[in-house]
1. Identify the residue in the stretch 232-248 that is among the aliphatic types (A, V, I, L, M) and out of contact with any Gly (no Cβ under 9 Å at 6 or more places or on another chain) and, among all such residues, is surrounded by the most Cβ atoms within 10 Å (Cβ to Cβ).
2. Being in contact (Cβ under 8 Å) with a residue 12 or more places away in the chain and of a type in the set (Lys, Arg) is the filter here, so list the residues in the stretch 569-595 that pass it.
3. Provide a single number: the residues in the stretch 249-306 that are open to solvent by 20 Å² or more (accessible area, probe 1.4 Å) and under 30 Å from Asp217 (Cβ atoms).
4. All but one of (1) more than 27 Å from the chain's Cα centre (by Cα); (2) modelled with pLDDT under 95 hold for His271; state the number of the condition that does not hold.
5. Do we find that Phe171 is on the phi < 0 side of the Ramachandran plot and either touching a residue at least 40 places away in the same chain (Cβ under 8 Å) or in contact with a Phe, Trp or Tyr (Cβ under 7 Å, 6 or more places away or on another chain) (or both) in this structure?
6. Scan the stretch 351-397 for residues that are at pLDDT 80 or above, among the small types (Gly, Ala, Ser) and either touching an Asp or Glu at 6+ places or on another chain (Cβ under 7 Å) or under 28 Å from Thr547 (Cβ atoms) (or both) and jot them down.
7. Tell me, yes or no, whether the stretch 184-191 has at least one residue that is assigned by the TED database to the domain that holds Lys157 and in a strand (DSSP E or B).
8. Is there any pair linking a residue in the stretch 233-245 that is free of Cβ contacts under 8 Å to residues at least 60 places away in the same chain to one that is surrounded by fewer than 10 Cβ atoms within 10 Å (Cβ to Cβ), with Cβ under 9 Å and at least six apart or on different chains, and which?
Amino acid sequence: MPATPNTNMEIQMLPLLYLLVKLEVVVTSPSLIADLSLAYFQSRDVRHLCYLSCNTYAVTAHYVVETKNIVGNFIDQGIRTSVIMIDEETKRLEPAITQSNIPLGIYLDASCTKAKSLLTKASRNNLFDALHIWLIINYAENKTDERELDARHFFLKLNLSVNTDIVLADFRGDYYELIDIFNYGKIQGNGLEWRHYGTWSPKYGINTFSNNYKYKDRWNFHNLTLRAVSVILERPKVFRPAMLTERGYTPGVSAMTKVVAQLLHVLIQQHNFRFNYTIVGRWIGSTERNSTLAVTNSLFWGEQDISCTCARIFPKWLNWVDVFFPATTTLETKFYYLIPDKGVGDYENRFLTPMSPGVWWCACAAGALCVAVLAAAACLETRPEPHVYAFFSVFATTCQQEYEDGVQILQESFSSQGRRLILLVVGLTSMLLYNYYTSSVVSWLLNAAAPTLHDLDTLMNSDLELIFEDIGYTRGWLDNPGFFYYSGYKNPKEDELRNKKVINAKRTVPLLQPVNTGIELVRTGAYAYHTEPYTAYQTISKTFDDTELCKLGSLQMMQPAQVYIMAQKRSPYKEFFVWSLIRLQERGHVRAAQGRVSGPTPACSGSTPRALALGQAAPAFAVLAEATLLSVLILIIEILWHSNSSPAPSYSQLVLVCKLRYLRPAYARITMYWGPAA
């Protein structure tokens, strides 16, 4: 029968591959075959079909008429059908058996001489997959066990897998028995599966034994062995699979690997399959042969079936591997460092920490200076014990008390002007310290921003030396300029950071450091260590005290990014694992695995006060200085005004006016405003 118009286009766009194979040349009513095939295709909701026929029976016009009737029945039922003669139109055969990204349907007359060779070619092209459903009809009336054994032997040679959908319709006299044929893994060494699917008869039509989803009926994988590749940074001399699933931290095993291993372990127990592990040191590797073995290239070369780990995926890598949805967890990285105590720029010096020894020594130095000045003034006034008078006056003022040494000076001209000045200074100093303490504690309780590094620019301008965890994606970032693994998009800041702080930086220690060594270098305050939070906190929680935890800062390098399990391109197990992972997510297994793996996250307890940055308190001191200058200016104006209208005031009167009328009210207003807001 000649091909219909636009046959090539229809073949490429047909969404489902269907095959009707006749293993023996036996004279049987074509109408029964037409009814059976039509009923089966309708039960599977087939919308497109390619009918591959031949000229074996073309000598009879009756056969040509029946072929037209079969095609007409499909078209009448809404199934788009095209016809190709496989023994003549060989050029049109290739598009029919070439893999397509959409379902493709083919109806093959297997009584043709090229039918078996066509099946073998389809097997080599991996056409027995989820996109192709095969119907094979053996309508031999005198069926023998030898013929069934021959059929089993033929299908055993084909490359079948767990996603294969082949149904054999075996003639039983007055009905056809439908047999489901597949293999859990021909490449992995499993045997052929031969199961009853249902029956068909002209009277009762299609009667299937199960309406379950395909993989519910294929639940037990019969101890199938899949080749799994995983990542351990330093491959152990003796590998134990329990290293990937055990709770707690295992050196060299990342958190995302453990989450995936625990989820896949649940599926192993449920579906009765196992893994043959291969351990590598990197996730991403070149696809060129003889390259360093990694997860992606081992899957690309077909050496492994699935990854027992996960990775962040970029569009380029989708040409190498397939990914299983949904994502199992997230990956993020940070730079860890101690907040600097000195330096200038975007991060400011830290002021004295409240209640620290430095604060008390500063207060003692200010008090000693006040005692010395007051003692000098007392000596000029010829007091009997000037040093005792000076010390106890300052001490009493600090305690908010008054002190007199018993010397009564009645004349105003002999009164202690120096004492009044020192009392003014001591009072201001005490109020200043009190206000500083109040503002520091309040700002700490309100979680004021600490002087940390907040972007890559501040990191590049800092004096910190960068060190990295020796891990696969870090090596890829260091070895490939222009590869923006951390940001996920073109980011010149990454290149600038790499050039300034890594390639051209003066180094005191090696760039790549193990976790324990890297965290110990962070404790010195001179280094910033790049790693995952999960990995860093395993060491930090055991070695850092509360004071160090309060000084610990972190800069996000990679924002939390979803990571996925990978498999071979066009993997026959993709549909099964996607369905299984969705079930695990719905039942809470994913969150439970993440919770079991997540380690401790120590934080500052709050018992250690945090210092203000000097820049945070600077506005309060600036306003105080401005108010003081304004008070002095007003005082000078008043002196000039009164000098023309009244006798000149004494020095003691000037000091008293400055103290009582201007400085104290101005400072009181300043402290009321800046105290709670600092």
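1. Residue satisfying both the conditions and the ranking: Leu244.
2. To start, the set of residues in the stretch 569-595 that are in contact (Cβ under 8 Å) with a residue 12 or more places away in the chain comprises 569-582, 584-585, 589-590, 593-594.
Within the stretch 569-595, Lys569, Arg570, Lys574 meet the criteria.
3. 11
4. Among (1) more than 27 Å from the chain's Cα centre (by Cα); (2) modelled with pLDDT under 95, His271 violates only (2).
5. Numbers: on the phi < 0 side of the Ramachandran plot: yes; either touching a residue at least 40 places away in the same chain (Cβ under 8 Å) or in contact with a Phe, Trp or Tyr (Cβ under 7 Å, 6 or more places away or on another chain) (or both): yes.
The answer is yes for Phe171.
6. Within the stretch 351-397, Ala365, Gly367 meet the criteria.
7. Yes: the stretch 184-191 contains one or more residues that are assigned by the TED database to the domain that holds Lys157 and in a strand (DSSP E or B).
8. Pairs that qualify, where the first residue is free of Cβ contacts under 8 Å to residues at least 60 places away in the same chain and the partner is surrounded by fewer than 10 Cβ atoms within 10 Å (Cβ to Cβ): there are none.
The values are calculated or read from the model by the stated rules, or taken from the named source; none is laboratory data. Fair warning: this is a prediction, and the values are worked out from it, not measured in the lab. FYI the Cβ positions are ideal-geometry reconstructions off the backbone, even for glycines, and counts take in every protein chain you see. Surface accessibility is based on the protein's heavy atoms, side chains included, excluding ligands, DNA and RNA. Shrake-Rupley method; radii C 1.70, N 1.55, O 1.52, S 1.80 Å.
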